[in-house]
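Here the structure comes first, spelled out in structure tokens, and everything after it is commentary.
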Amino acid sequence: MAKVSIGLRGWRFDEDVVFDEDGSVGDVAGMPEDTRNRLLRLSALLGEPCSACWLVHGEDDVEQCNMGDVVYGEPLAEVLLCTEHEPDFVYWFQEEGGSAYAGSGTLQDEFFEWFAEGNRAPESFGSVDHVDEAPDDLPDPMAADRLDEVAEQAATLKEEEEEALDLDLDGLDV
Ligand SMILES: [Zn+2]
């Protein structure tokens, strides 16, 4: 099964699970829970500022923040990063014990704490080169448009099935 990123790098989805045969987004409510949660969260994250920029600039200077390009972690405990700050996260994850929080609800808090203390990846760590390592991991710009379909379904879901969802979609916006 082909894996695709949608809108942002990072989270990847089984193409066959997310899209119908005609290429449109399938019934989100009928998708496996993890897929559904990530898709719905993704539709909320697109266009939001990078978490690290946010920590640096804060709400008063939100226009100084870059938009997020890549998302790591679990929905609602995710870390949304711009390309500039991605190496800081990857460094923390690989070299500073961050991987211990993989798949947990505390990944975001732990990274934020480390970053807020002024820690950064050393310059020698370099940038994260996705193009060479994983050419398939680049998001399909067409697929980003399809997030509109997810957002529409999310709006419907919120009305009809809000209590059935494990996520509070209004909570924890970056
Ligand atoms: Zn940033």
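Worth pointing out:
- Gain upon complete extension [Thr106, Gln64; 0.36 nm per residue less C-alpha separation]: 12.5 nm
- For the range 37-96, the fraction of C-alpha pairs farther apart than 14 angstrom is 54 percent.
- Net lengthening on full extension, Glu152/Ala2 (0.36 nm per residue, minus Cα-Cα): 51.5 nm
No value in this document is a laboratory result; all are computed from the given coordinates. From a predicted model like this one, the values you see are computed outputs, not experimental measurements.
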